[in-house]
1. From the set of residues in region 145-168 that are in contact (Cβ under 8 Å) with a residue 12 or more places away in the chain and out of contact with any helix residue (DSSP H, G or I) (no Cβ under 8 Å at 6 or more places or on another chain), which is nearest to residue 112 (Cα to Cα)?
2. Out of (1) outside any strand (DSSP E or B); (2) in contact with a Ser or Thr (Cβ under 7 Å, 6 or more places away or on another chain), the odd one out for residue 162 is which?
3. How many of the residues making up region 281-338 are in a strand (DSSP E or B), of a type in the set (S, T, N, Q) and free of Cβ contacts under 8 Å to residues at least 60 places away in the same chain?
4. Quick one: which of 68, 45 is farther than 30 Å from residue 154 by Cα and without any contact (Cβ under 8 Å) to a residue 60 or more places away in the chain?
5. Identify the residue in region 181-227 that is touching an Asp or Glu at 6+ places or on another chain (Cβ under 8 Å) and outside any loop (DSSP other than H, G, I, E, B) and, among all such residues, is modelled with the lowest pLDDT.
6. With the requirement that a residue be buried (at least 21 other Cβ atoms within 10 Å of the Cβ) and aromatic (Phe, Trp, Tyr), what does region 147-171 give you?
7. Across region 113-125, what is the number of residues that are of a type outside the set (A, V, I, L, M), touching a residue at least 40 places away in the same chain (Cβ under 8 Å) and surrounded by 13 or more Cβ atoms within 10 Å (Cβ to Cβ)?
Amino acid sequence: MGMIARPYVIVSGPTSANLVPFWGSDLLSVSITDQAGYESDEAVLTFKAPPFSPPPKGTRYSIKAGFLPGPAADFGSFTVSRTAFGGSAEDGETMEVHCRAADFIDKMKASGSKHYDPENGFGTAGKIFESLAAEAGVSALVSPAIASIEIPYRLRLNQSLLDFATELADEIGAVVKPQAGKLVVLERGKAQSGSGKDLQPILIDRRRVYGWDVDIEERPAHEKTETSWYDPQKGRVGRENQSFGEKGGPFSALHLTPSQAEAKKTAATMATALTRWSGTGSFEMRGNPAAVAGAPVTLTGFGAAIGAVQWVAGSVSHTIDPEGGGWVTTVEVETRDA
């Protein structure tokens, strides 16, 4: 039998390139959670306590981890947001330092009002997202398929940059996330990284998981989706349909869209959300540094009812015990919008 690879973690901070040796046995675990979609990634450093000596809010840490003797995966930079304390007879007393990804999320919470139309230099989703990113002091990375969508007019009225961006993304079938110092906007259901590259699938075999659970249900069937739009030149309402091969009545959007292009996109977005199966699940396994949120998930050995569903990782959590040599990866899955 070969030797079992031992995990290692590197936490660099304001005073050291690697604080883990300095903390020693006081550092109980390092947990990193990678979120798909709008939420910011998180990290939690858990220490023995007392003494209670929390780092100041805003302290910046960078985290890397891997298996010896291999290279370390870079999990990104995080800043301290809050500290929690607790204790029990079984686990003793602990201090949890909660951090979130060192992005520009606070700037994205700034409220304001603005008109977005061609006369003011807009007219497409790409130009609107680029403007929102510029207000937050960063650049935007927008999928070409999303960037080219025509948006005749949008009003941002006393909304934060993030609320307005997520609302627009929902309407046109996109996902927006502050990531790596950029505002990243991708097509919903597309397993791609912020750079637009396809994410590698996460392979999960039933024989190699520590624990798992899955909950699936069949959605009501609909023949097609319908979205209405107002044509100001003809003075009448038009309708766009998206069929997807099921039997049943149509599923109609509640509100009119301002253009035919948006009506087509909205109908297609609703169709992807009405796939036959809906489900969630959770899988615990040996540490896998390559597993990232948003990646497609392939399940084997769980039976046809589970394996036939298209799954995507909604979040991926890594919990590493530097002293004990343990690393557990937890993948939370959800139905993939195909």
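The values are calculated or read from the model by the stated rules, or taken from the named source; none is laboratory data. Values in this document were obtained by computation on a predicted structure and should not be read as measured data. Quick reminder, even Gly has a Cβ in these numbers, built from the backbone with ideal geometry, and neighbours come from all protein chains shown.
1. Ranking the candidates gives 158 first.
2. Answer for residue 162: the failing condition is (2).
3. 2
4. Testing whether each residue is farther than 30 Å from residue 154 by Cα and without any contact (Cβ under 8 Å) to a residue 60 or more places away in the chain leaves just 45.
5. My answer is 192.
6. Selection gives 164 alone.
7. Here the count works out to 2.
Here is a yes/no grid of residues against (1) surrounded by fewer than 17 Cβ atoms within 10 Å (Cβ to Cβ); (2) part of a loop (DSSP other than H, G, I, E, B):
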residue: 34; (1), (2): no, no
residue: 40; (1), (2): no, yes
residue: 45; (1), (2): no, no
residue: 50; (1), (2): yes, yes
residue: 66; (1), (2): no, no
residue: 75; (1), (2): no, no
residue: 84; (1), (2): yes, no
residue: 87; (1), (2): yes, no
residue: 90; (1), (2): yes, yes
